[in-house]
Amino acid sequence: MRTEEARPVRLEDYRPPDWLVETVELDVSLDATASRVRATLTLRPSGSGAPAPLVLDGDALNLRSLKLDGVALPPDQFVATPDRLTIAQPPHRRLRLDIETVIDPSANTQLSGLYRSGAIYCTQCEAEGFRRITYFPDRPDVMAVYTTRIEAERTEAPVLLANGNPVASGEVPGTTRHFAVWHDPFPKPSYLFALVGGELACVEDRFRTMSEHEVTLRIYVEPGKERRCVYAMDSLKRAMRWDETAFGREYDLDIFMIVAVSNFNMGAMENKGLNIFNDKYILASPETATDADFERIEAIVAHEYFHNWTGNRITCRDWFQLCLKEGLTVFRDQEFSADQRSRAVERIADVRGLRTHQFVEDAGPLAHPVRPVVYREINNFYTATVYEKGAEVVRMLKVLLGPGHFRKGMDLYFSRHDGEAATVEQFVQCFADIAGANLTQFMLWYSQAGTPEVVATGSYDAGAKTFRLDLAQSIPATPGQPSKAPMVIPLAVGLVGRDGHELPLKSIDGGTIERGVLTLTKPTESFLFAGVAQPPVASLNRGFSAPIKLSANLSADDLRFLAAHDADPFNRWQALQTLATRLLVDNTAAFQAGRAARTDPGLLDAFHVTLNDGRLEPAFVALALTLPGEADIAREIGRDVDPDAVFEARTALRGVLGEHLAGPLFDQYRRLSESGPYRPDAASAGRRALRNTCLDLMVATRRGEAISVAARQYQAADNMTDRMAALSTLSLCDVPERAAALADFYTRYADDPLIVDKWLTLQATIPELATLDRVKSLTAHRAFSFANANRVRALIHAFALANQKEFNRADGGGYDFIVDTVLAIDPRNPQLAARLVSALKNWRMLEPMRRAHAQAALRRVAAAPSLSPDVDDIVQRALAQH
Ligand code: BES
Ligand code: ZN
């Protein structure tokens, strides 16, 4: 375990490195339990500084030998511990170090550094895994040119890969071993290093870049799975083309490789020229993957590819700048998906994700700025805030400056900082320079945590034909930030006239409002629109132009009007969500108080109108007909949440909706019954989404006919999307058809771990009391293993994150189970354990009884002996008073 003495790490303590590394030659001899690593580093003192000790990071390392300029270094001239190698008085000049370490990849259960996924050797070095391979200045502002030689038994590891281009390979004379040498000419930080060795099959393709460079593309998978790489390869080629068109960015090596492995802590990793993926995000066929899986694969393949420019060519100076690569790259993958599919549907899906993950994080004890200023464990900062709010901040720059300036700013960033380790300030400065704008106040988006709240009040003056919009912003206190300054909020607005048409936006001083965006900068301000011929309905924060909580004085009639007429599809969806949320919050309170639920005929009509509006995209209608999730309702309620009451309210409304729209839902269901073979494209997926949403609402009535339709769809489906959709909706009802279908599903797919994961998740998310015991007994099922991160996520994370009702059981049994699991997993895989324990982070929102259970559960973790720094950091922050 690495040392804690230097922690916490603070942004204000950043100092440039004393020593730089020019080249790294790694020679890795793979062996299951004793892999030998020889690293030859050429180092030089950085800049003008005085002579400084040479301190290299390590983590659980075992030094075998050390030479300086080819001569063994006497033991009195260095100190080597498992986590540090110090040469107190190195010569103050360019020098060469030869470091030999031996590591045990089979014993590496943390999945960081060099480890084994099944029989495959692979690495994961972000954020601080390289120091588990060799001693090194393991920080992103040390960028070096790497040459990697890998050697292994030919039979055990016929395929040997590393970053860059292949330069040599061959037999090791007189042995059964072979080797390969790879060279990466682009200087990179150590976290982007990767190597892979094993028995892998590959699928190959080619791509000709915009400057006519031929690139070989390869996806390596377990032999026999080649046919399931088609969609990933297609996604990769589309991503490469898109980055050329949308950002002018071209690929830069002769070969681009992806390796899919079955045991991986994250989704995927952008190692230079050699991305390593969780195989869940590569393997797909119509029979094995759902439309959601295809969509996710496309996005993740693109995301990791896009890092080649945003992350690799230009990397981060330090880990506080993580959003510089992650937020920006999420923004880029969202834009890619929007262009490949439907922009409106993508935006709605992204905002749903932002609200369910990031808004919740921002409202609880783990809230932190997009660029944090302190951390104890960097792995705990790969968060929704850094990723998703980080992407929103980039999006706001585009909204504020317009697409032209935004693109020019990006171009300047790429040319000005190529080959460097940059900061958020340097990134934003490029846009300030291009647009001649002062972005000082904008920088608060990086430093202030918490979701800004904006209250909007519109009023119409019929005599003056003016419309006045009063806006007030505030930002709630978050840990360490009791008071906040006002932010720059780009609010895209429109005024919708009574006939449903857009009214012209003219400010009272005669100016037009550029791109329909009002820019708020003060705690309160007012905008006056002139020449408004009729009373308008204000459509605010169009396209979710700013990541804020907005409340406006819009009546139920106004919202229904927007749902039917707004030219901005995001706000059409939002209007329905707002109406439904109001009703669900009221009905949750009613259930808690033992009162009858309220009905809202207007809302039901609005849903009906949307369902029957043939001009709308099916995928949009599917989203519009999906009620806010339990977590969304809980967040809206904010305090003393009773998840059982939330569930009751939502379930009741689903049932009412299913009854009210029974005829039209069944008509749509029949009309959309797909003919022809499955295709994964967005339009076909959208039709399936709508059809399956209709099915879900039909089944919500619990009527026998609807259950039979679902059971038939389950049996007849020729693709995983329809089969899973039928099974999911059935799984919500305690009917005989459910047990039969679940048993059938396992029998069909028992040999395919990724599909069995779906089966585990389904059972973990059944909202009934028996689920906890079922999940516990599934941990003993032959399909489950605590040693595989995907299995743990499929069963246990899914229970904690996607089953609000049972995880939050009133008796605290859900929390106790998660804590038991966290404590069991922590010694073997701290990162996985830390992510799981984070499921308890919102305990303060709960009603008093559950709150007490959750707090006791967190305290039990905190009191456990020898916690990893990862888990300890989360529980300390989750429990802290502030
Ligand atoms: N660089 C990350 C992978 C990573 C995350 C490494 C945390 C080490 C610690 C990669 O680019 C990434 O962000 N992957 C995401 C998926 C992406 C589409 C948001 C992931 O793994 O979940
Ligand atoms: Zn990323």
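The values are calculated or read from the model by the stated rules, or taken from the named source; none is laboratory data. Nothing here was measured: the structure is a model prediction, and the numbers come from that model. Cβ atoms come from the backbone with ideal geometry, glycine included; neighbour counts cover every protein chain shown. Quick note on the areas: whole protein, heavy atoms, side chains included, nothing else; ligands and nucleic acids left out. Shrake-Rupley method; radii C 1.70, N 1.55, O 1.52, S 1.80 Å.
Here are the numbers for this structure:
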read-out: Amide proton proximity set for Ala144, modelled H, under 5 Å, gap of 5+; value: Lys188
read-out: Charge dipole (the chain, unit charges on Cβ, about Cα centre) - positive-most of Cys125, Gly273, Phe544; value: Phe544
read-out: Accessible carbon and sulfur surface of region 203-300 relative to its total accessible area, %, 1.4 Å; value: 47
read-out: Equivalent-ellipsoid semi-axes of region 573-730, from the Cα gyration tensor, Å, largest first; value: 28, 17, 14
read-out: Those aspartates and glutamates that a straight Cα-Cα span of less than 18 Å connects to Lys805, excepting residues fewer than 8 apart in one chain; value: Glu630, Asp632, Glu636, Asp640, Asp642, Asp644, Glu648, Asp734, Glu768, Asp773, Asp816, Glu847
read-out: Relative contact order of region 698-831, pairs being alpha-carbon contacts under 8 Å that are 6 or more residues apart, as %; value: 16
read-out: Relative contact order computed over the chain (Cα-Cα under 8 Å; 6+ residues apart), in percent; value: 8
read-out: Cα pair distances exceeding 44 angstrom across the chain, given as percent; value: 31
read-out: Computed label-point distance, nm, for sites Asp499 and Leu604 using a 7 Å Cα→Cβ extension; value: 3.3
read-out: In Hz, Karplus ³J(HN,Hα) per residue of region 585-590 (6.51, -1.76, 1.60; θ = phi - 60°; x = Gly, Pro); value: 5, 4, 6, 5, 4, 5
read-out: Phi-based couplings in Hz for region 852-864 (Karplus 6.51, -1.76, 1.60; Gly and Pro marked x); value: 5, 4, 5, 5, 4, 5, 4, 5, 5, 5, 4, 7, 5
read-out: Globularity index of region 134-275, i.e. its alpha-carbon radius of gyration over 2.2 N^0.38 Å; value: 1.10
read-out: Whichever aspartates and glutamates have a C-alpha closer than 15 Å to that of Lys225, once near sequence neighbours (fewer than 8 apart) are set aside; value: Glu199, Glu204, Asp279, Glu287, Asp751, Asp752
read-out: Relative intensity, log₁₀ I(q)/I(0), of region 174-224 from a Debye sum that treats every alpha carbon as a point, q = 0.14, 0.30 Å⁻¹; value: -0.63, -1.12
read-out: Apportionment of accessible area to carbon and sulfur, region 678-761, percent (1.4 Å); value: 56
read-out: Accessible surface, per residue, of region 747-882 when the full set of protein chains is kept, probe 1.4 Å, Å²; value: 38
read-out: HN-Hα J in Hz across region 465-473 - Karplus 6.51, -1.76, 1.60, θ = phi - 60°, x for Gly and Pro; value: 6, 10, 10, 10, 10, 9, 10, 10, 10
read-out: Percent carbon-and-sulfur accessible area, region 37-109, ignoring ligands, DNA and RNA, probe 1.4 Å; value: 52
read-out: Dipole moment magnitude, nearest 20 debye, region 293-446 about Cα centre, only Lys, Arg, Asp, Glu C-beta charged; value: 320
read-out: Solvent-accessible area per residue for region 183-286 (1.4 angstrom probe, square angstrom); value: 32
read-out: Two-site FRET efficiency, Ser675 against Glu768, from Cβ-Cβ distance with R₀ of 22 Å, rounded to 0.05; value: 0.05
read-out: Pairs beyond 24 Å (Cα-Cα), from Lys408/Lys484; Lys237/Lys280; Lys484/Lys549; Lys398/Lys506; Lys325/Lys841; Lys398/Lys522; value: Lys408/Lys484; Lys325/Lys841
read-out: Simple Cβ-charge dipole of the chain, Lys/Arg +1 and Asp/Glu -1, about Cα centre, in debye nearest 20; value: 760
read-out: Angle between the chain longest axis and helix 390-401 axis [Cα atoms, degrees, rounded to 10]; value: 70
read-out: Top positive-direction residue, dipole computed over region 371-423 with Cβ charges, set Thr423, Val393, Phe381; value: Val393
read-out: For region 576-678, size of Cβ-based charge dipole, Lys and Arg +1, Asp and Glu -1, in debye; value: 120
read-out: Per residue accessible area of region 83-175, 1.4 Å probe, in Å²; value: 34
read-out: Using a Förster distance of 51 Å, the FRET efficiency for Asp667-Glu425 (Cβ separation, nearest 0.05); value: 0.35
read-out: Interchain or long-range residues, amide H under 5 Å from Lys506's placed H; value: Ala530
read-out: Gain in span if fully extended, Val230 to Glu244, counting 0.36 nm per residue against the direct Cα distance; value: 2.9 nm
read-out: Under 5 Å, built H, 5+ apart or other chain: amide partners of Ser46; value: Trp19, Leu20
read-out: DSSP-loop trypsin sites (Lys or Arg not before Pro) across region 11-107, with at most 12 other Cβ within 10 angstrom; value: Arg93, Arg94
read-out: Nearest-0.05 FRET efficiency for Ser46 and Ser866, computed from C-beta distance (R0 35 Å); value: 0.40
read-out: Relative contact order %, region 220-333, counting alpha carbon pairs below 8 Å whose residues are six or more apart; value: 27
